[in-house]
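Asker: Have a look at the structure that comes next, please.
Please treat every number below as a calculation from the coordinates, not as lab data. Note that the structure is a prediction, hence the values are computed from the model and not measured. Note: ideal-geometry Cβ built from the backbone for every residue, glycine included; neighbour counts use all protein chains shown.
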Amino acid sequence: MRPTRREHETHRLINKERKSRHIPPVKWDTYMHRLARNHSRKMEKAGRLFHSARPALAGGENCLMGTSSPKAIVKGWMSSPGHRSWILDPAVKRAAVGISNRGHGRGHHTYVAWSFSGSSTFRGKNIYIKYLITLMLFVIYLVEYISSSLIGELRQIRRMLKRIKRKV
């Protein structure tokens, strides 16, 4: 699986953010690229944003839905404290970006994943804060997923009740 120009450019811009803060660059990793690309495709197929079920100690990921320009992708992550902390974490050593936007038409989005790992990604004095942020993000996405499913079911029930009301 070959990286696209946009994937490489997004990775370059992440390293530019790190360099401007005197943090060593992240090395492009083909395994992380495969994870990121596959995850972005899974999100696109599902039509929603979610995090993978990879064990947290193996690394992590930043996900994004909506924008397709590398500059906007990195800007989005840098304006989110949780995502920004991972991008600027000096313990992150290897990473890659996966972008999927093969679909077309109304309601179509670009799905982006940045998979990362490092020998000490989850070590150090901030381990609990980072773990808590990751857990909170997971809970938020879970609540969003459940609520979006419930909204659809509630709309179906409302339509059914209206039909019954007309008959009564």
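Asker: Within 10 Å, count the other beta carbons around each residue, average over each peptide in 40-46, 76-82, 152-158, and list them highest first.
Answerer: 40-46, 76-82, 152-158
Asker: Considering only Cα-Cα distances, which of the following residue pairs are longer than 20 Å: 45/93; 16/93; 19/71?
Answerer: From the list (45/93; 16/93; 19/71), the Cα-Cα distance tops 20 Å for 45/93.
Asker: Per-residue counts of other Cβ atoms within 10 Å, averaged by peptide: what ranking do you get for 62-69, 143-150, 15-22, highest first?
Answerer: Final packing ranking: 62-69, 15-22, 143-150.
Asker: Can I ask one more? On the first, second and third principal axes, largest extent first, how far apart are the outermost C-alpha atoms of segment 11-102 in Å?
Answerer: 38, 27, 22
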